[in-house]
Amino acid sequence: LTEVYSSSPALGRYFRSAQVISFSNESSTVIYQLVFSVPPSTEGFMENHMNPDFIRNILRQNIYDED
């Protein structure tokens with residue numbers, strides 16, 4: 001995740017770290033904490049760049065690009 005987000009043109013300059021919070025062998029589930037350092041709120045920045053769907057789609061696109 002660190003490589004995906006630090007190299008992202010959209011979020012790379014804001015990304016600081018990724019850390020595993022919880023891991024389950026039974027269900028193969030991992031919960032991560034992503035840390036971003038964002039500028040003072042500008043109109044639409046948090047809604048567009050920091051919304052969970054946008055962040056998730058960057059990871060999804062990286063997975064598709066590797067195939």
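Just a few scattered comments:
- In sequence order, region 49-56 has phi-based couplings of 8, 10, 7, x, 5, 4, 5, 5 Hz under the Karplus curve 6.51 cos²θ - 1.76 cosθ + 1.60, θ = phi - 60°, and Gly or Pro positions carry x.
- Estimated at 0.36 nm per residue, the fully extended path between Y32 and L59 surpasses their Cα-Cα distance by 8.5 nm.
- Normalised Debye scattering of the chain at q = 0.12, 0.15, 0.16, 0.27 Å⁻¹ gives log10 I(q)/I(0) of -0.35, -0.54, -0.61, -1.29, counting only Cα atoms as equal scatterers and leaving out solvent.
- Put simply, the amide H of Y32, placed in the peptide plane, has neighbours under 5 Å in I21, leaving out anything fewer than 5 places away on its chain.
- Karplus-derived 3J(HN,Hα), 6.51/-1.76/1.60, for each residue of region 24-29, Hz, glycine and proline x: 10, 5, 5, 10, 6, 10
Read-outs: derived from the displayed coordinates by stated rules, not from any lab. Please read all numbers here as calculations on a predicted model, not as lab measurements.
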